[in-house]
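Please read the structure below before turning to the comments.
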Amino acid sequence: MSLRSKTAIAGLGITKQGRVYDHNHVGFAIEAIRLALDDAGLTRADLDGVLLNPGLTWADGGMGAFQLQQAMGLHNLQLAHTMNAGGATAGAMIMQAAEAIAAGLATTVACVFSDAPLKPPAPKPDKSSGSAAAYAFGRGLDAAYGQFGVNAMYAMVAQRHMHLYGTTNDHLGAIAVAERQWANKNPQAQFYDTPMTLDDYHRSRWVVEPFHLYDCCLVSNGGLAVIVTSADRARDLKKPPVYLRGMGQGHPGGDPSETLTSGAPLAKQHAFAMADIALDDIDVVELYDCYTFTVLVTLEDYGFCKKGEGGPFVADGKIAPGGSLPLNTGGGQLSSFYMWGMTPVSEGVMQIRGDGGARQIPDAKVALVSGNGGILSTHSTLILANQP
């Protein structure tokens, strides 16, 4: 059974993002779903499925979907799961929703991510949680020698890419600057009012070499949800349908510091074949960008350039506003907001709908959306389109 364009994203809900302290993680999820339902012209009674990607503040999140169902007063759900494949989860949730709807096991599914790791200023900041603890990345001899946490582990992969291929901080900085230029066109972005030059990038503090501060994604409180339903039903709803034309996942295993490869080549196979497209058919690219290096290696892995040539590929401004390859057009996770894989999904939906405002890519018909998790170890690919 082909899933090509059998389903569509019919609603999008984005709460306020950033240093927002008026909700907890559950409250952000509820608000995001409510906004997405309103966007689609639906109500809570229309939902028969909820899929949750829990952020760090959901703790283990094992019963998160049930907790959310109870908090919203939802009854008789036919699909409810808590899912976590890191930044690949957004695409995986949408894929599961599409599969269930196409199989007749659900009709209208909310896919939501929320988190509230930022706390109001306090004399003694809470340091009890973080990605290193949540994902058990502090381990054995790595931790004993000071390599622990996500920043250090991505940095090790980036250092090897630099060693083998001559990639430089100017190349990484070109990605950071381009995404900031897009964010300066996005009123929802946390850095909307803050321009950045390459000199600003180089002057920012080191986090762990080769990463400066602006090589690393934001931390955001907030929630983001989409409503997935059948393509036939979506055509009768409030907003233009965003068809799920292709989808795929890729989980290569192994050590990315040895392979210098993400799961994108695997995920691309099914997604591009289902959508029946090639790279030249893509109008806008929304890549998971937890770090600038993630963008660079993912561009290589999708085939926009050869392995090792990502640095020179981005250096000429082609991914910035006015360039030939519009990429992370809302500012991405580096300069807009960090809702894990839902950040690229949301921008892809807006571009295909034509709702991008000052950053809208003219006549955007097809968007490539990627999600990445677990230090380049999990991956999801969605092809969004305005026509089946």
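Any idea which of 32, 10 is in a helix (DSSP H, G or I) and open to solvent by less than 30 Å² (accessible area, probe 1.4 Å)? Show your work before the answer.
On the way: 10 fails: in a helix (DSSP H, G or I).
Residue meeting the stated conditions: 32.
To keep it simple, each residue is scored yes or no on (1) among the aliphatic types (A, V, I, L, M); (2) open to solvent by 10 Å² or more (accessible area, probe 1.4 Å).
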position	(1), (2)
360	no, yes
369	yes, no
374	no, yes
379	no, no
| message | Can you tell me how many residues within segment 176-199 are part of a helix (DSSP H, G or I) and within 27 Å of residue 20 (Cα to Cα)? | response | 8
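Can we say residue 313 is assigned to a loop (DSSP other than H, G, I, E, B) and buried (at least 17 other Cβ atoms within 10 Å of the Cβ)?
On the way: assigned to a loop (DSSP other than H, G, I, E, B): no; buried (at least 17 other Cβ atoms within 10 Å of the Cβ): yes.
Considered against the rule, which asks whether it is assigned to a loop (DSSP other than H, G, I, E, B) and buried (at least 17 other Cβ atoms within 10 Å of the Cβ), residue 313 comes out as no.
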| said: Can you tell me which of (1) part of a loop (DSSP other than H, G, I, E, B); (2) at pLDDT 95 or above is the one residue 270 doesn't meet? | reply: (1)
| Restricted to segment 51-77, and to residues that are over 22 Å from residue 98 (Cα atoms), in a helix (DSSP H, G or I) and of a type outside the set (Phe, Trp, Tyr), which residue is most open to solvent (accessible area, probe 1.4 Å)? | 70
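Just give me the residues in segment 169-189 being open to solvent by less than 70 Å² (accessible area, probe 1.4 Å) and more than 21 Å from the chain's Cα centre (by Cα), in sequence order. Reasoning before the result, please.
In the first step, residues of segment 169-189 are kept if they are open to solvent by less than 70 Å² (accessible area, probe 1.4 Å); the result is 169, 171-180, 182-184, 186, 189.
Matches in segment 169-189: 169, 171.
Go through the residues of segment 310-323 one by one and say whether even a single one is closer than 28 Å to residue 114 by Cβ, modelled with pLDDT of 95 or more and touching a helix residue (DSSP H, G or I) at 6+ places or on another chain (Cβ under 6 Å). Show your work before the answer.
Of all residues in segment 310-323, those closer than 28 Å to residue 114 by Cβ come to none.
Within segment 310-323 (the criterion being closer than 28 Å to residue 114 by Cβ, modelled with pLDDT of 95 or more and touching a helix residue (DSSP H, G or I) at 6+ places or on another chain (Cβ under 6 Å)), the answer is no, since none of the residues qualifies.
Can you tell me which residue is surrounded by the fewest Cβ atoms within 10 Å (Cβ to Cβ) among those in segment 214-261 that are outside any strand (DSSP E or B) and of a type in the set (Ser, Thr, Tyr)? Give the steps one after another, and end with the answer.
Step one: filter segment 214-261 for residues outside any strand (DSSP E or B), giving 214-215, 217-220, 231-241, 251-261.
Add one more test, that the residue is of a type in the set (Ser, Thr, Tyr), and what stays is 214, 220, 257, 259, 261.
Working: 214: 25, 220: 27, 257: 16, 259: 12, 261: 19.
Among those residues, the one meeting the criterion is 259.
Output yes when any residue across segment 190-205 is modelled with pLDDT of 95 or more, of a type in the set (Lys, Arg) and open to solvent by 10 Å² or more (accessible area, probe 1.4 Å), and no when none is.
Going through segment 190-205, the residues modelled with pLDDT of 95 or more turn out to be 190-205.
From the residues that got through so far, the ones that are of a type in the set (Lys, Arg) too are 203, 205.
If we keep only those that are open to solvent by 10 Å² or more (accessible area, probe 1.4 Å) as well, we get 203, 205.
Yes, some residue in segment 190-205 is modelled with pLDDT of 95 or more, of a type in the set (Lys, Arg) and open to solvent by 10 Å² or more (accessible area, probe 1.4 Å).
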| request: Go through segment 192-214 and give me each residue that's over 25 Å from residue 15 (Cα atoms) and acidic (Asp, Glu). | output: 199, 200, 209
| Can you tell me which residues in segment 13-29 are outside any helix (DSSP H, G or I) and either open to solvent by less than 10 Å² (accessible area, probe 1.4 Å) or out of contact with any Gly (no Cβ under 7 Å at 6 or more places or on another chain) (or both)? | 13, 14, 15, 18, 19, 21, 22, 23, 24
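The values are calculated or read from the model by the stated rules, or taken from the named source; none is laboratory data. Here the structure is a predicted model, which means the values were calculated and not measured. A quick note on method: Cβ atoms are made from the backbone with ideal geometry, for glycine too, and the neighbour counts reach across all protein chains shown. In case anyone asks, the SASA skips ligands and DNA or RNA and just uses the protein heavy atoms, side chains included. Shrake-Rupley method; radii C 1.70, N 1.55, O 1.52, S 1.80 Å.
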